[in-house]
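Novice: I'd like to ask some things about the structure below.
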Protein chains: 2
Amino acid sequence: MPGGVEWALHCCVVLTTSSEPVPAARLAELHDVSASYLAKQLQALARAGLVHSTQGKSGGYALTRGPESITLLDVVEALAGPGPAFVCTEIRQRGPLATPAAACATPCGIARAMATAETAWRRALAATTIADLVRDVDANHGPDIMTAYGTWLGAPSG
Amino acid sequence: MPGGVEWALHCCVVLTTSSEPVPAARLAELHDVSASYLAKQLQALARAGLVHSTQGKSGGYALTRGPESITLLDVVEALAGPGPAFVCTEIRQRGPLATPAAACATPCGIARAMATAETAWRRALAATTIADLVRDVDANHGPDIMTAYGTWLGAPSG
């Protein structure tokens, strides 16, 4: 699990409050995290098409689509890559008792069981959206906090 | 996902065929993998109580219990630790708009959603045992291969 997942998810949540691009440094300040490391997470989100960045004096990051269209899986895969966490190296085809390649057309039981578990994990992550997380903040801390995020992000820094 | 999970699971599968302890070097040779790195995985399995090691000339590793009592989750946790892959650092309590600690008695929506996904993953891993994997080898490659593993592991090396 990439360490930046938590930061990236929090950024997506607060970016829903801003109609203007938000500089990476401002997001780092709001969350009190390393600006340089957060910049890497935001660049990964941009490469995955979840945020776009604009250059210049009023530049920064903005979500590319509505928060109901961005799932936790989108964000996790943006940072970790879409590939499986468990990578099968076909150990059964190695060593003195190697199973012939022709008999290994389908994944072995280990690879299938690990893939099944990952599918369950991905399915759960895909079932929650950034909009769900925003609703959760509203429900647990009141809507004022989301409004405050928006006001703070839109205010000049310094 | 620790890289040794695949190796450790294969070791558990073939250890079901041996009534005698199997030296780590023999397991490494069977799977054509690094003996030193595999030794680390076996030591982790031993620390978790899944295998026990005996010293001496006929020493080696043996499963501590029946393969129907060892799940994939047992093996994954032996290598990765039982802790969550996603660690919440309570970002909501940081920065200029920090939520007061008193209002953070329950995990935030992000932490809960990530935990839900991990629970789904762990549940799936817990649903498959080493015995299931052995049956899968039998079903896909015939019972002769498991017998051959046992014969090879029991034969003197060299």
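The values are calculated or read from the model by the stated rules, or taken from the named source; none is laboratory data. Note that the structure is a prediction, hence the values are computed from the model and not measured. Note that each Cβ is placed from the backbone with ideal geometry, even for glycine, and that neighbours are counted across all protein chains shown. These accessible areas exclude ligands, DNA and RNA; they are computed on the full protein's heavy atoms, side chains included. Shrake-Rupley method; radii C 1.70, N 1.55, O 1.52, S 1.80 Å.
Novice: Give the residues of region B:28-56 that are over 21 Å from B:Met146 (Cα atoms), surrounded by 22 or more Cβ atoms within 10 Å (Cβ to Cβ) and out of contact with any Gly (no Cβ under 8 Å at 6 or more places or on another chain), sorted by residue number. Walk me through it before giving the result.
Specialist: First, the residues of region B:28-56 that are over 21 Å from B:Met146 (Cα atoms): B:34-37, B:39-41, B:43-49, B:52-56.
Those left that are additionally surrounded by 22 or more Cβ atoms within 10 Å (Cβ to Cβ): B:41, B:45.
Across region B:28-56, the qualifying residue is only B:Leu45.
Novice: Here is a check on your reading of the model: is B:Ala25 closer than 21 Å to A:Glu90 by Cα, within 13 Å of another protein chain (Cβ to nearest Cβ) and either charged (D, E, K, R) or open to solvent by 50 Å² or more (accessible area, probe 1.4 Å) (or both)? Spell out how you get there, then give the answer.
Specialist: Details: closer than 21 Å to A:Glu90 by Cα: yes; within 13 Å of another protein chain (Cβ to nearest Cβ): yes; either charged (D, E, K, R) or open to solvent by 50 Å² or more (accessible area, probe 1.4 Å) (or both): yes.
In short, yes.
Novice: Also, quick follow-up: Check every one of the helices (runs of 4 or more DSSP H) wholly within region B:51-158 and list those with 2 or more residues that are over 30 Å from B:Glu29 (Cβ atoms) and facing another protein chain (nearest Cβ under 7 Å). Before you say what the answer is, go through the steps one by one.
Specialist: Values: elements: B:72-80, B:109-126, B:130-141, B:144-154.
Correct list: B:109-126.
Novice: Which count do you get for residues in region A:102-158 that are buried (at least 16 other Cβ atoms within 10 Å of the Cβ), in contact (Cβ under 8 Å) with a residue 60 or more places away in the chain and among the hydroxyl-bearing types (Ser, Thr, Tyr)?
Specialist: 2
Novice: Determine which member of the set B:Leu79, B:Leu72 is under 20 Å from A:Ala85 (Cβ atoms), under 15 Å from the mean Cα position of the chain (by Cα), open to solvent by 20 Å² or more (accessible area, probe 1.4 Å) and hydrophobic (A, V, I, L, M, F, W, C). It would help to see each step written out before you state the result.
Specialist: Numbers: B:Leu72 fails: open to solvent by 20 Å² or more (accessible area, probe 1.4 Å).
The conditions single out B:Leu79.
Novice: Kindly list, by first and then second residue, each pair from a residue in region A:39-55 that is hydroxyl-bearing (Ser, Thr, Tyr) to a residue that is open to solvent by less than 90 Å² (accessible area, probe 1.4 Å), limited to pairs with Cβ atoms under 6 Å and residues at least 6 apart or on different chains.
Specialist: A:Ser53/A:Ala46; A:Ser53/A:Tyr61; A:Thr54/A:Pro21
Novice: In region B:82-92, which residues are open to solvent by 70 Å² or more (accessible area, probe 1.4 Å) and more than 20 Å from A:Thr71 (Cβ to Cβ)? Spell out the reasoning first.
Specialist: Step one: list which residues in region B:82-92 are open to solvent by 70 Å² or more (accessible area, probe 1.4 Å), which gives B:82, B:84, B:87.
Passing the criteria: B:Pro82, B:Val87.
Novice: Residue check: is B:Thr99 surrounded by 13 or more Cβ atoms within 10 Å (Cβ to Cβ), in contact with a strand residue (DSSP E or B) (Cβ under 8 Å, 6 or more places away or on another chain) and either over 19 Å from B:Ala8 (Cα atoms) or without any contact (Cβ under 8 Å) to a residue 24 or more places away in the chain (or both)? Give the derivation first.
Specialist: Numbers: surrounded by 13 or more Cβ atoms within 10 Å (Cβ to Cβ): yes; in contact with a strand residue (DSSP E or B) (Cβ under 8 Å, 6 or more places away or on another chain): no; either over 19 Å from B:Ala8 (Cα atoms) or without any contact (Cβ under 8 Å) to a residue 24 or more places away in the chain (or both): yes.
It is false that B:Thr99 is surrounded by 13 or more Cβ atoms within 10 Å (Cβ to Cβ), in contact with a strand residue (DSSP E or B) (Cβ under 8 Å, 6 or more places away or on another chain) and either over 19 Å from B:Ala8 (Cα atoms) or without any contact (Cβ under 8 Å) to a residue 24 or more places away in the chain (or both).
Novice: B:Thr54 - would you say it is over 30 Å from A:Ala126 (Cα atoms) and in contact with a His (Cβ under 8 Å, 6 or more places away or on another chain)? Talk me through it step by step, then tell me what you get.
Specialist: Values: over 30 Å from A:Ala126 (Cα atoms): yes; in contact with a His (Cβ under 8 Å, 6 or more places away or on another chain): no.
In short, no.
Novice: Give just the number: which of (1) closer than 19 Å to A:Met114 by Cα; (2) of a type in the set (A, V, I, L, M); (3) open to solvent by 40 Å² or more (accessible area, probe 1.4 Å) does B:Leu9 not satisfy?
Specialist: Going through the list (1) closer than 19 Å to A:Met114 by Cα; (2) of a type in the set (A, V, I, L, M); (3) open to solvent by 40 Å² or more (accessible area, probe 1.4 Å), B:Leu9 breaks only (3).
Novice: Looking at region A:34-50 only, could you name the residues that are at pLDDT 95 or above and in a loop (DSSP other than H, G, I, E, B)?
Specialist: A:Ala48, A:Gly49, A:Leu50
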